[in-house]
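The values are calculated or read from the model by the stated rules, or taken from the named source; none is laboratory data. These numbers come from a predicted model, not from an experiment. Quick reminder, even Gly has a Cβ in these numbers, built from the backbone with ideal geometry, and neighbours come from all protein chains shown.
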Amino acid sequence: MILPEHREALLAAIPNRDSRPIWAIADGRYGMDRTRPAGERWQLSRTPWWKQPLDDFRDDNVREIVIMAGSQCSKTAGMLVALAWAVKNCPAPMLWITGNDDLAKDASQERVTPTLERCPDSAPLLLNNRLDKTTWKIRCKTCTVDIAGAQSSTALEQNPYRFVFGDEVRQWPTGSLQKVEKRQRSFGDAKRCFFSTPMLKGDEFHQRYLAGTQCEWVWPCMKCGAENKLEWKALVYEHTASDGMDAIAGPVIRCSCGVYHPDSPTIRRHIIERGHWQAQNPSPQVGVVSYHWNALLPPWVRWADLVAEWKQANDHLKRGNPEPLKVFVCETLGEPWEEREIEADPKALNDRRGEYDRGDAWEGLLTRADGAAARFLAADVQQDVIYWRCRLFGKDGESRGHGWGRCFTFAELDTEAKRLGVPPYFVGVDSGYRTTEVYRACAQYGWKAMKGEDKQEFIVDEPGVGRVRRCWNRSQADPHAGTAQAGRVIVPLYLFADAAMQDMLALHMAGKAGSWSYERDAGSDYVAQLLSEEKRPDPKTGKVEWHRIRRANHLRDCEKMVLVLAIASGVLRA
């Protein structure tokens, strides 16, 4: 271990060590990664809010830097600058760690390695042997940079590191942050940086942010000089005849003195050049600094686009899907999503009872462009019985029940689907139990296998769109895995984030999303199963989670899967 009193002497021995601030060294010199145009250099004038965090990185009194920011808001670019600087000026074992191995591989090839190769300070220090520059390890003349996913036992349980750069911490497994700390105990001058869009209020990453200084960006009004915090609630985007904004087009930020600041190049430059960080936490943990900024800050993001995204997210909510609003809050505003307790409410559910019976025809039934009627059926498979639920969808997220029941074989389930007019590709069967049987039945009848997972979201690469977050993901399964017929038949497997779908169903049942109803003659068993779970704090951890309060919840699970099928098919906008 390097003692603090010896550290300065050792650093002074590094040849040509630059004593200037990191941002001054990098400004106009450090090349950027492959997500930016070829030849582009990092410019402080483009992201001046990075000046103080980079000073913190060099400050020996700062042990932990936490950055909670919106997506595509330059939170990773600044950390790459710090990494390249440290390779030259503070060589020591380093770890760049992100959510999983796939993301780590992408970060290595597209971000970390190109940055080190394009920076004049770090490039001469890279070893050229192909064994010294791999996806998971970059050896330099002065130090080694490891790259790993947070699920890697090697990264989190074996090797010590002085510097840790933790990217997209929201995707890390629970407990990973504590493991990172243990990897740094052998360094008295260790430093760790966690930078990510947030997930849930009160989760591990958010708690780290709250422990720090909680710095927010403030800027002076161009008339009165009063400092304004750059936050979403300050944005005015719906103009009225009485607000004196007839001559102003687009969203504006209104100061308390009455002056409007529109989205113009002059105003945006004023905000980032005259603004500064202001700590909101009067008693932060010693050595921990934290920063938050949203998509209103980067001048390349148009406020009008954010307003359009906000309106679209609320439109989705009205249609029955709260996920886009959650994405807006977490990835655009850079704020954690707050989970609220949801009680099993018989009265609210009774209000959703319709004036129709099971099997009744519906004139409002939606038909897709390909001619398929929006009829869906989901089944929950148990040891000796299969529960199923059928639901119809109309325009604007409206849906109504169309029957439920029990059967004992997959052949009987197929008969029910045909009787109700549900095409095979709109039938989903839970594969969590009797998995192989379900896969083979799906292959035989043309159904979709389904499975809930204990996670909040999936990160999916969509062609022509890029990386997106959503509540479901398409995979595949082999019904003959482990046999001589393996690989001959593949069935679609639809994975869904169980907690997200629980929230979505609860909003529908409470009448807060879409226009969701069930049959007049659905019966007490159906109602009891829908009220079988509620959301409340865990008595041990305090985390707000879904808990089963009744044993039978099969029809509730079917309703969740019906929503997944509707979203995946494009009938329910996601």
Filter the stretch 374-416 down to the residues that are over 18 Å from residue 518 (Cβ atoms) and crowded, with 17+ Cβ neighbours inside 10 Å, then identify the one that is nearest to the chain's Cα centre (by Cα). 381
Residues in the stretch 235-251: is at least one touching a residue at least 60 places away in the same chain (Cβ under 8 Å), surrounded by 17 or more Cβ atoms within 10 Å (Cβ to Cβ) and not assigned by TED's automatic domain parsing to the domain that holds residue 163? yes
Within the stretch 344-351, is even one residue among the acidic types (Asp, Glu), loosely packed, with under 15 Cβ neighbours inside 10 Å and closer than 18 Å to residue 499 by Cα? no
Inspect the stretch 451-460 for any residue being surrounded by fewer than 14 Cβ atoms within 10 Å (Cβ to Cβ) and over 25 Å from residue 413 (Cα atoms) and give the result as yes or no. yes
Single unsatisfied condition, residue 446 versus (1) modelled with pLDDT of 95 or more; (2) crowded, with 19+ Cβ neighbours inside 10 Å: (2)
Do we find that residue 338 is at pLDDT below 90, crowded, with 18+ Cβ neighbours inside 10 Å and closer than 23 Å to residue 501 by Cβ in this structure? no
Inspect the stretch 265-276 for any residue being assigned to a strand (DSSP E or B), modelled with pLDDT of 95 or more and surrounded by 14 or more Cβ atoms within 10 Å (Cβ to Cβ) and give the result as yes or no. yes
Could you list, in sequence order, all residues of the stretch 286-310 that are touching a Ser or Thr at 6+ places or on another chain (Cβ under 7 Å), of a type in the set (Gly, Ala, Ser) and under 18 Å from residue 327 (Cβ atoms)? 295
Considering only the stretch 182-199, state which residues are in contact with a strand residue (DSSP E or B) (Cβ under 6 Å, 6 or more places away or on another chain) and either in the same structural domain as residue 500 (by TED's automatic domain parsing) or assigned to a loop (DSSP other than H, G, I, E, B) (or both). 198
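Do you know which residues across the stretch 169-179 are part of a loop (DSSP other than H, G, I, E, B) and surrounded by 23 or more Cβ atoms within 10 Å (Cβ to Cβ)?
If we filter the stretch 169-179 for residues that are part of a loop (DSSP other than H, G, I, E, B), which is where we start, we get 172-175.
Scanning the stretch 169-179 gives a single hit, 172.
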Within the set of pairs 6 or more residues apart or between chains, which connect a residue that is closer than 15 Å to residue 146 by Cα inside the stretch 106-124 to a residue that is among the aromatic types (Phe, Trp, Tyr) and modelled with pLDDT of 95 or more with Cβ atoms less than 7 Å apart? 107/96; 112/96
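Which one of these is without any contact (Cβ under 8 Å) to a residue 60 or more places away in the chain and either outside any loop (DSSP other than H, G, I, E, B) or crowded, with 16+ Cβ neighbours inside 10 Å (or both): 556, 551, 536? Walk me through it before giving the result.
Values: 551 fails: either outside any loop (DSSP other than H, G, I, E, B) or crowded, with 16+ Cβ neighbours inside 10 Å (or both); 536 fails: without any contact (Cβ under 8 Å) to a residue 60 or more places away in the chain.
The match here is 556.
Of all residues in the stretch 524-545, how many are hydroxyl-bearing (Ser, Thr, Tyr) and closer than 16 Å to residue 342 by Cβ?
First, the residues of the stretch 524-545 that are hydroxyl-bearing (Ser, Thr, Tyr): 524, 526, 532, 541.
If we keep only those that are closer than 16 Å to residue 342 by Cβ too, we end up with 532.
Qualifying residue count, the stretch 524-545: 1.
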